[in-house]
Amino acid sequence: MSANRLGRGLGALFQEHDIESLESFEQVKEGEVIHQLEVGDLRPNPYQPRKYFDETKIKELAMSIKEHGVFQPIIVKKDIKGYIIIAGERRFRAAIQAGLKTIPAIIREFNDHLMMEYALIENLQREDLTAIEEAEAYRLLIQKLDLTQERLGERLGKSRAYIANTMRLLQLPQSVQEEIENGVISVGHGKVLAGLKDEQLVLKLVNIIKEKQISVRELEDLIKEIGITHPAEEKKIKKIVNPHLEYVESNLKSYFGTKVKLKEKNGKGQIIIDYMTMDDLNRLLEMMGLE
């Protein structure tokens, strides 16, 4: 989620809460000393919303650091176990890959509130976040800055519905969130699944998405078909993933050379055979012994 995606509202949001801009924040201030700190004494900010880092970009930065060194010092806070990184975790990770033993750093005083705010600023202004990280950033902003979803949306140039739907991803089981992070299922799938309360049902639907490669629209149709409010939803799910029906469906696809779908609805079964052109339809009719 880049600064462009957020529009001009992000700067206004943080100015409103008297928070420095990122550019001003990372400048060396008068009287500050740049220290060379042991990388082994550093650890990430616990409020860092980013959980996944682009390894290709880290490697590229590591190559640059190996050749030119670290131009911009990271910002840290002294801690009983060493130092906490407030800004510059990518540089820290790249420095480790480059084989550096020390990294230039500015030591400042921070409370937990400011640690969280600047972790969000660095990520929201500088790099794309995943959908889950974006949702977590919104959640933290709302909690720590005492905002409503509507107010946050106004400040970021987003609708309240967009903020709410993104944050709903955090209601999904952790394993499903990881599937979204890893691109196994799409954010669109996740937003549909986030509307379901039954965790076991969600997990079963995730398996169906992966096995059958169904689209978001097909997932919505499937949820309507099984009737989420119906007390017998577990029984219906079992029918949908019936191994025998899947076997028959697979054989029909191979035989006809086109997409075939078996559906059960209102106690009745359907066989749906796709065709692309009239010639394709005639080919199928001939295979079935029909003119």
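Data table
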| quantity | calculated |
| --- | --- |
| The lone exception for residue 147 - which of (1) under 20 Å from residue 54 (Cα atoms); (2) outside the structural domain of residue 222 (by TED's automatic domain parsing); (3) not in a helix (DSSP H, G or I) it fails | (1) |
| Any hit, region 42-59, residues being touching a Leu at 6+ places or on another chain (Cβ under 8 Å) and either over 20 Å from residue 130 (Cα atoms) or part of a strand (DSSP E or B) (or both) | no |
| Unique match (being at pLDDT 85 or above and not hydroxyl-bearing (Ser, Thr, Tyr)) among 99, 153, 157 | 99 |
| Given (1) β-branched (Val, Ile, Thr); (2) farther than 30 Å from residue 35 by Cα; (3) touching a Phe, Trp or Tyr at 6+ places or on another chain (Cβ under 6 Å), number of the condition residue 132 does not satisfy | (3) |
| Top-ranked residue of region 235-286 - restricted to ones that are in a loop (DSSP other than H, G, I, E, B) and within 20 Å of residue 213 (Cβ to Cβ), ranked as modelled with the highest pLDDT | 274 |
| The one condition in (1) over 20 Å from residue 111 (Cα atoms); (2) exposed (fewer than 14 other Cβ atoms within 10 Å of the Cβ); (3) more than 21 Å from the chain's Cα centre (by Cα); (4) at pLDDT below 90 that residue 9 fails to fulfil | (2) |
| Residue 132 vs. criteria touching a residue at least 40 places away in the same chain (Cβ under 8 Å) and part of a strand (DSSP E or B) | no |
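The values are calculated or read from the model by the stated rules, or taken from the named source; none is laboratory data. In this text the structure is predicted, and so the values were computed from the model without any measurement. Please note: Cβ atoms are built from the backbone with ideal geometry, for glycine as well, and neighbour counts cover all protein chains shown.
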